[in-house]
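The values are calculated or read from the model by the stated rules, or taken from the named source; none is laboratory data. Note that the coordinates shown come from a computational prediction; the quantities given were computed from them, not determined experimentally. Methodologically, a virtual Cβ is constructed for each residue, glycine included, from the backbone with ideal geometry; neighbour enumeration extends over all protein chains shown. Just the protein is used for accessible areas: all its heavy atoms, side chains included, with ligands, DNA and RNA removed. Shrake-Rupley method; radii C 1.70, N 1.55, O 1.52, S 1.80 Å.
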Amino acid sequence: MSTPTPAQSQGLAQVEQWLASARSGQMALPELLDAAGRLQQAGVATAAALLYQNWVAATPSPFRHVACFNWGAILGDLTRHAEAETAYRLALALAPNFAQARLNLGHQVEHQGRVGEALEHWRAVYEDEAPASLGADPLSLRLHALNNAARLLESLKRYDESEALMRRSLALSPRQSDVAQHYVHIRQKQCAWPVYETFADVTHNHLLMSTSLLGMLDESDDPALQLLTAQRFVHEKVPKVTAAPLHRGRVRDGKIKIGYLSGDLCMHAVGLLTAELYELHDREKFEVHAFCWSREDGTPLRARIKAAMDHFTPLAGVPDAQAAELIAAAGIDVLVDLQGLTSGARPGILARRPAPVQVSYLGLPATSALPGVDWIIADRFVMTPDVLPYHTEKPIYLPNSYQVSDRRRAANAAPTRTEAGLPEGGFVFCAFNNNHKMSEAVWRCWMRILRQVPGSVLWLLADNPFAQANLTRVAAEEGISAERLVFAPRAQPADYLARFQLADLFLDTFPYNAGTTASDCLWMGTPILTRAGRTYISRMAGSLLTAVGLPDLITTTLEEYEQRAVQIGNQPARAASYKRYLAEHGHSSPLFDIPATVRDIEHAFERLALDARQKA
């Protein structure tokens, strides 16, 4: 063991002096707070927690509940949640109406998986119109309780209860953008239309301006609105980095190093699409790295993705600045962001520019407006010239479709119609996109299609019971009985793929088209009818249909979409001919020529990387 330096010895002596004072019962509260604060600033929070523990045990002060609260806060930060719970319970035993302690107790029991208790603690605070507090605004405490209860209920998919609490919170304080954002999206997930339902002093404009980028992709095909939404997020949430780009001054030679940055390299749409991409990279020219904070879900897909990497660097728990340093130190030439602004994104890494070439791909089929991302992989169908001014990224155009996929995806044998809950006869339309992608205009269009195709059914994903109830109610308004809507539960990938074989025609959503689902559908030989709009996300399925050789299934207006669906539904032989074409030619089409797509990506990356090396 090394001998402590004089400074360290002096510091240890000071800690021992404070601890002795705390144990004596004679230490004043201000002295305790000062000493604990200095220990925390010095990075020894464990010593600060020990100081509070000794003081609370020895000091018969009327302010013990304050010390217990601070003690619990430090223990919580140290992730010692059971001990933090004990500290907060002691604070409440001393001061039963101490609202801040009850709020934090809720967080500690949530961390330990006792969500019911957490909700009850928060309920006790938000149901009190004037919760007792130490220096805090009582309204802020109620809002804290309401918003955390709503967050937890949303994560538990108790959407109706969550929405009700969001409305209560916004009624108390209408300008909360984060709450308004979740309110909009939870209504989208429930197919609760109109999504922008105003109440109290909450205006349509405030809901629109608070909408997340994902929510805006569901709601609008206007590229300007999508850009403005992304820019607002970047302005409010992404740290401003003024330091020089981290990639500068780094020597890059030899093989071109590609880094994939993602939290979704697991059983997720991005992981499902990209597994073969990593495997097919030309190792004579390229070295492939993953920088990843994905969950370890134990799936064969996760193992396959990790095995396909030359180097795998886990970033879970690593701060953004340190993560960016790791990427820069690895000498990455091209950093591919597979996340964008989706859930779990880490734009703070990209903002530090650890690689000279930073590219957006797949995770966000729209502009991210991130200052660290200069390129986006696209094709000339998904990104037409008129939308380029609304993207902060420049396009890397692939000659066929923008999308890679996996030719090794495994499907089980098709179930029977009875096993799938379908009637024995009649045309089967399907729409397996997530419920939040469904708009009222498209849903009512689908109901008109069913009315005009006798005996047909619509096969859907049963994402949550609230969406199912709302969709069934609107169907009834359009004269469609519940029996003509068949809701399928979620299934394992092989069973989910098998379902497509029973459908006659997939009806796409708008403006948020199918992406991974469209690839799965066409791979399994089922045709897709889509409506292509102006934006990248509303043209994804059209890109796939063009590359697979079925451009006549692309429409551009809702009226044309409805007419085409009715025509195909009333002509089953036409649907069968599409299926026959896909069975005979689909897998050999440019859409599923994944080796060629990977070579096209590599050619673009090589050009950009060598250009950057020359300029360095």
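Quick notes on this structure:
- Once you reduce region 577-599 and region 77-114 to the center of their Cα atoms, the two points are 57 Å from each other.
- Taking every alpha-carbon pair in region 317-432 and binning the separations at 5 Å intervals from zero gives 2, 10, 16, 16, 13, 11, 9, 8, 6, 5, 3, 1, 0 percent.
- Share of Cα-Cα pairs in region 434-477 lying beyond 13 Å, as whole percent: 56
- Relative packing of peptides 517-528, 188-199 - highest average C-beta neighbours within 10 Å first: 517-528, 188-199
- Förster radius 60 Å - calculated FRET efficiency between residue 20 and residue 155 (Cβ-Cβ, nearest 0.05): 0.85
- Relative contact order [Cα under 8 Å, 6+ residues apart], the chain, whole percent: 10
- Basic side chains Lys and Arg get +1 at the Cβ, acidic Asp and Glu get -1 at the Cβ, and with that the dipole of the chain about its Cα centre reaches some 580 debye.
- Seen from a random direction on average, the alpha-carbon convex hull of region 99-200 projects onto 6.3 square nanometres.
- Helix 572-581 and the longest principal axis of the Cα set of the chain meet at an angle near 70°.
- Our compactness index for region 256-349, the C-alpha radius of gyration over the empirical 2.2 N^0.38 Å, is 1.00.
- Positive-end extreme of charge dipole, region 345-447 - chosen from 395, 405, 355 (charges on Cβ): 355
- Taking N as its residue count, the alpha carbon Rg of region 491-616 over 2.2 N^0.38 Å: 1.24
- Convex hull volume per residue for the chain, taking Cα atoms only, in Å³: 182
- Alpha carbon convex hull of region 384-506, projected area averaged over orientations, nm²: 10.6
- Mean separation of Cα contacts under 8 Å (6+ apart) over length of region 35-101, as relative contact order %: 25
- About the Cα centre, charge dipole magnitude for region 3-110 (Lys/Arg +1, Asp/Glu -1 at Cβ), debye: 160
- Counting only protein heavy atoms and a 1.4 Å probe, the chain has 41 square angstrom of accessible area per residue.
- Cα-based shape type of region 45-176, given that a ≥ b ≥ c are square roots of the gyration tensor eigenvalues and the cut on a/c is 1.5: prolate
- Shape category assigned to region 230-302 from the gyration tensor of Cα positions, a/c cut at 1.5: oblate
- Candidate aspartates and glutamates for bridging to residue 285, where Cα separation is under 12 Å - those fewer than 8 sequence places away on the same chain excluded: 253, 602, 606
- Residue 580 - accessible surface, heavy atoms, 1.4 Å probe, Å² rounded to 10: 130
- For region 440-568, the dipole from Cβ point charges (+1 on Lys and Arg, -1 on Asp and Glu) about the Cα centre works out to 100 debye, to the nearest 20.
- Of the cross-linked pairs 157/237; 257/306; 306/394, those separated by over 18 Å at the C-alpha level are 157/237; 306/394.
- Packing order of peptides 256-264, 216-224, 204-212, highest average first: 256-264, 216-224, 204-212 (average count of other Cβ atoms within 10 Å over each peptide's residues).
- With DNA, RNA and ligands ignored, accessible area of residue 111 (1.4 Å probe; Å², nearest 10): 120
- Accessible-area composition of the chain, carbon plus sulfur, in percent [1.4 Å probe]: 54
- From the alpha carbon centroid of region 443-519 to that of region 156-191 is 26 Å.
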